[in-house]
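To start, the structure itself, in structure tokens.
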Amino acid sequence: MGRPVHDDRTLFEFLVLEGAQAGLNWQTVLNKRENYRKAFDAFDPAKIARYASKDVRRLLHDSGIIRNRLKIEATITNAKQFLSTRKEFGSFDSYVWRFVGGKPIRHAVRLLSEIPSTARESDAMSEELRKRGFRFVGPTICYAFMQAVGMVNDHTTKCFRYDTV
């Protein structure tokens with residue numbers, strides 16, 4: 001769970017990584033993050049949006065990433081939709097942060113078991129992203145994305161990071 005992120009490329013990176021994580025352990029994806037950065041042109045959505053079938057084949061043979069055709073193709077689709085959304089809203093940052101009113105939601109949970117896996121904000125984000133053609137953006141993935149980019153502070157109140165994030 002991170003600090004608020006407002007850089008479009010970093011937001012795209014987390015969207016890709018959260019989608020790649022679907023059905024897997026987050027540590028698996030975290031361990032492959034640098035490999036993803038290399039394989040996907042430093043998460044440059046303009047470059048990724050131009051990927052063709054030869055790029056999909058290259059990625060399917062890259063043992064440094066999760067070699068799932070649907071997730072790879074979703075990354076390419078999401079890059080195209082990301083660019084379209086960014087053009088419409090001026091930035092992806094301004095688009096995505098409106099789901100939380102422009103400032104982080106700060107939950108006051110005492111126990112890890114109290115942290116939700118979704119919220120009405122992630123439900124709304126998921127629904128709208130899907131309407132825009134994004135893939136691998138279900139409510140749970142969107143909530144994890146929101147946590148990762150600091151849109152939601154789910155640190156427990158006893159955590160040393162609670163007040164600093």
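Okay, here's what the table says:
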quantity	calculated
Cα-centred dipole magnitude for the chain, charges only on beta-carbon of K, R (+1) and D, E (-1), debye, nearest 20	420
Rounded, prolate or oblate (a/c below 1.5 giving rounded, otherwise prolate when a/b exceeds b/c) for segment 1-82 by Cα gyration tensor	oblate
Estimated FRET transfer efficiency when R0 is 25 angstrom, pair ASN35-VAL56 (beta carbons, to 0.05)	0.95
Amide H within-cut-off set for VAL149, under 5 Å, with H built and near neighbours excluded	GLY2
Distant-in-sequence amide H partners of ARG106 (H built 1.01 Å from N, under 5 Å)	ASN153
Degrees between helix 69-89 axis and first principal axis of the chain (Cα, 0 to 90, nearest 10)	70
Cross-link reach list, lysines versus LYS80, counting only Cα pairs under 27 Å and skipping chain neighbours closer than eight places	LYS32, LYS38, LYS47, LYS54, LYS71, LYS103, LYS131
Efficiency of FRET from Cβ geometry, ILE105 and GLN27, R₀ 25 Å, rounded to 0.05	0.50
ARG67 paired with ARG98, simple spin-label distance in nm, labels 7 Å along Cα-to-beta-carbon	4.1
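FYI, it's all coordinate maths here, none of it is from the lab. The model shown is predicted, which means the values in this text are computed figures rather than measured ones. A quick note on method: Cβ atoms are made from the backbone with ideal geometry, for glycine too, and the neighbour counts reach across all protein chains shown.
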